[in-house]
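Reviewing the structure listed below.
The values are calculated or read from the model by the stated rules, or taken from the named source; none is laboratory data. Quick caveat, the model's predicted, so the values are computed rather than measured. All Cβ positions, glycine included, derive from the backbone under ideal geometry; neighbour counts span all protein chains shown. Side chains are part of the model used for accessible areas, which takes the heavy atoms of the whole protein and leaves out ligands, DNA and RNA. Shrake-Rupley method; radii C 1.70, N 1.55, O 1.52, S 1.80 Å.
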Amino acid sequence: MPDAQIRRLRSPPMGAVILSRTAVIGGGASGIAAALSAAKSGGEVTIYERGPRIGRKILATGNGRCNMTNINASEEHYHGAHPEFVRGAVNRFWVGETLDFFSRIGVLYKVEDGGRVYPYSDQASAVLDSLRRALAMSGVNIICGFDVRSVKKHGGGFIITPYSGSPVKADKVIISSGGKAAPDLGSNGGGYELLKSFGHSITSLRPSLVQLKTRGDTAKRLKGIKVNAKASLGDFCENGEVLFTDYGLSGPAVFSLTSRYCSQKLLTLDIMSEYSFPEVADMLFERRSRLGNIPLEDFFTGMLNKRVGQTILKAVIQSPLSRGAGTLTDAEIRTIASVIKKWGFEIEGTMSWNNAQVTKGGARTDEFDPETMESKLERGLFAAGEVLDIDGDCGGYNLQWAWSSGYIAGKNA
Ligand SMILES: Cc1cc2nc3c(=O)[nH]c(=O)nc-3n(C[C@H](O)[C@H](O)[C@H](O)COP(=O)(O)OP(=O)(O)OC[C@H]3O[C@@H](n4cnc5c(N)ncnc54)[C@H](O)[C@@H]3O)c2cc1C
């Protein structure tokens, strides 16, 4: 590449103060945090963003309210080949520091159920606007429509080449280009290629915090109905709302469980989790004796969602539901109780990247220093956020990782 094509590559005049130049590739949550902390240390900081604007995904978070962190965030809420990698961030810039940081830039926040933190205004746009104001006050350059194709070592620094336009030079590079989830919001997995070109390995990638596709038509027949349930996947369970859809299961409890999904074949729902199996069975025996004259199709009316109840009955009982409830046998009642407590749905897979909130997998974290986020393979190269093999549970944990890893990378760049 002829040097003439390389912007900002010329040597500074003799005696000039040489400012270090930090390039942040990707203007999402982690890139913005990285740019702000790098700017605090002085030097010239530029965010290169492929999309038309920075922070588009932030606007979509928390259903437009931005669940910005969780006061219960700890290592156990994170996954990856080396979840202990987050410890470096926990010890340096974690929830307390993040909340102080947001207070300083003018974001008043509130804590809701489960420790979820939201802006007091309930507006994700308030978080992004405050971050943009902080970037402007810190003198960070923002170049949008700059889709980075390659980053290469050049002398003591790096050359960053976009798909269209002229290359630029930087002394330090922070790759904060996200994963593969929600590609319509900018992150298309391109960051993995940039890191691979420096010898970094990428683990297998899977959508996480995403809906599950299930076999059969049970979920489809109940499309649109929500139940409160304990959803279980192997050894993991989540309590919360489950939504039946035409492709399978959705809702917060299912979303959360997919952070634990690998190849399990079955998800079970306990739709009366406050009661034990014997208590549910006794309830049904008593119901049979009290309401024996009503047709079976009304047996659950007043106890469960009517369509849910009928679907369970149809799964257990072969004869028409016009039969009287009093004809239920003891064995049938026990089977119905067991379905209520452990309703199995065969998993076909997850919905696609377009539906996912987060990427499971990413750049192997044992190739980065957890205290600085610097690559162990290339000095001056850093990574932050979802591009790394760390993903969190549902509830503000992923943004916390983005803020923390970004802040630490920027500080050390
Ligand atoms: C709908 C939705 C709701 C969510 N809600 C929450 C929530 O409430 N709480 C929570 O904690 N988490 C939530 N998440 C997850 C969270 O938003 C992400 O984990 C987090 O934003 C990741 O930040 P990041 O900076 O690593 O990546 P991203 O936010 O994906 O940012 C990466 C940026 O890099 C840019 N980029 C990519 N490649 C290049 C390239 N080659 N050159 C230049 N730029 C590039 C992209 O355009 C993008 O702007 C949600 C996610 C989604 C999709």
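Have a look at L321, L377 and point out the one that is part of a loop (DSSP other than H, G, I, E, B), farther than 21 Å from T203 by Cα and away from the ligand (no atom under 16 Å from the Cβ). Before you say what the answer is, go through the steps one by one.
On the way: L377 fails: farther than 21 Å from T203 by Cα.
Only one candidate passes the filter, namely L321.
For the stretch 88-111, indicate whether the set of residues that are β-branched (V, I, T) and out of contact with any helix residue (DSSP H, G or I) (no Cβ under 7 Å at 6 or more places or on another chain) is non-empty.
Just the residues of the stretch 88-111 that are β-branched (V, I, T), to begin with: 90, 95, 98, 105, 107, 111.
Still in the list and also out of contact with any helix residue (DSSP H, G or I) (no Cβ under 7 Å at 6 or more places or on another chain): 111.
There is at least one residue in the stretch 88-111 that is β-branched (V, I, T) and out of contact with any helix residue (DSSP H, G or I) (no Cβ under 7 Å at 6 or more places or on another chain).
Taking the criterion of being away from the ligand (no atom under 13 Å from the Cβ), at pLDDT 95 or above and either buried (at least 18 other Cβ atoms within 10 Å of the Cβ) or of a type in the set (D, E, K, R) (or both), would at least one residue in the stretch 1-21 satisfy it? So that I can check it myself, show each step before the final result.
From the stretch 1-21, those away from the ligand (no atom under 13 Å from the Cβ) are 1-21; that's our starting set.
Next, only the ones that are at pLDDT 95 or above stay: 21.
In the following step, the residues that additionally are either buried (at least 18 other Cβ atoms within 10 Å of the Cβ) or of a type in the set (D, E, K, R) (or both) were identified as 21.
Yes, the stretch 1-21 has at least one match.
Give the residue, chosen from G191, G179, that is part of a loop (DSSP other than H, G, I, E, B) and within 24 Å of the chain's Cα centre (by Cα).
Working: G191 fails: part of a loop (DSSP other than H, G, I, E, B).
Result of the check over G191, G179: G179.
Looking at (1) under 30 Å from W343 (Cα atoms); (2) of a type in the set (S, T, Y); (3) buried (at least 21 other Cβ atoms within 10 Å of the Cβ), find the lone condition where S176 falls short.
Condition not satisfied by S176: (1).
Could you check the stretch 30-65 and list, in sequence order, the residues that are more than 6 Å from the ligand (Cβ to nearest atom), farther than 16 Å from S20 by Cβ and part of a loop (DSSP other than H, G, I, E, B)?
P52, R53, I54, G55, R65 - these are the residues of the stretch 30-65 that are more than 6 Å from the ligand (Cβ to nearest atom), farther than 16 Å from S20 by Cβ and part of a loop (DSSP other than H, G, I, E, B).
To keep it simple, each residue is scored yes or no on (1) surrounded by 20 or more Cβ atoms within 10 Å (Cβ to Cβ); (2) among the hydrophobic types (A, V, I, L, M, F, W, C).
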residue	(1), (2)
P320	no, no
T329	no, no
T335	no, no
M351	no, yes
G361	yes, no
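Report yes if E386 is buried (at least 17 other Cβ atoms within 10 Å of the Cβ), under 26 Å from the mean Cα position of the chain (by Cα) and within 16 Å of the ligand (Cβ to nearest atom), otherwise no.
yes
Specify which of the listed residues (V127, V151, V210, V107) is of a type in the set (V, I, T) and assigned to a helix (DSSP H, G or I).
Values: V151 fails: assigned to a helix (DSSP H, G or I); V210 fails: assigned to a helix (DSSP H, G or I); V107 fails: assigned to a helix (DSSP H, G or I).
From the options V127, V151, V210, V107, the qualifying one is V127.
With respect to Q400, is the statement that it is within 10 Å of the ligand (Cβ to nearest atom), under 30 Å from D184 (Cβ atoms) and open to solvent by 20 Å² or more (accessible area, probe 1.4 Å) true? Give the derivation first.
Details: within 10 Å of the ligand (Cβ to nearest atom): yes; under 30 Å from D184 (Cβ atoms): yes; open to solvent by 20 Å² or more (accessible area, probe 1.4 Å): no.
Spelling it out, it is not the case that Q400 is within 10 Å of the ligand (Cβ to nearest atom), under 30 Å from D184 (Cβ atoms) and open to solvent by 20 Å² or more (accessible area, probe 1.4 Å).
Residues being among the hydrophobic types (A, V, I, L, M, F, W, C) and within 18 Å of T46 (Cα to Cα): count how many of those fall in the stretch 103-143. I'd like the intermediate steps shown before the answer.
Initially, the stretch 103-143 is screened for residues among the hydrophobic types (A, V, I, L, M, F, W, C), giving 105, 107-108, 111, 117, 124, 126-128, 131, 134-137, 140, 142-143.
Those left that are additionally within 18 Å of T46 (Cα to Cα): 128, 131, 134-137, 140, 142-143.
Residues that pass the stated criteria total 9.
How about the stretch 246-279: which of its residues are surrounded by 19 or more Cβ atoms within 10 Å (Cβ to Cβ) and in contact with a Lys or Arg (Cβ under 6 Å, 6 or more places away or on another chain)?
G248, D270
Can you spot a residue in the stretch 358-371 that is among the acidic types (D, E), within 30 Å of K153 (Cβ to Cβ), assigned to a loop (DSSP other than H, G, I, E, B) and within 33 Å of the chain's Cα centre (by Cα)? First the steps, then the outcome.
Step one: of the stretch 358-371, the residues among the acidic types (D, E) are 366-367, 369, 371.
Those left that are additionally within 30 Å of K153 (Cβ to Cβ): 366-367, 369, 371.
In the following step, the residues that additionally are assigned to a loop (DSSP other than H, G, I, E, B) were identified as 369, 371.
Adding the requirement that they be within 33 Å of the chain's Cα centre (by Cα) leaves 369, 371.
Yes; the residues of the stretch 358-371 include at least one that is among the acidic types (D, E), within 30 Å of K153 (Cβ to Cβ), assigned to a loop (DSSP other than H, G, I, E, B) and within 33 Å of the chain's Cα centre (by Cα).
D369: in contact with a Lys or Arg (Cβ under 8 Å, 6 or more places away or on another chain) and either buried (at least 20 other Cβ atoms within 10 Å of the Cβ) or within 15 Å of L205 (Cβ to Cβ) (or both), yes or no? I'd like the intermediate steps shown before the answer.
Details: in contact with a Lys or Arg (Cβ under 8 Å, 6 or more places away or on another chain): yes; either buried (at least 20 other Cβ atoms within 10 Å of the Cβ) or within 15 Å of L205 (Cβ to Cβ) (or both): no.
When the stated conditions are applied, D369 does not pass them.
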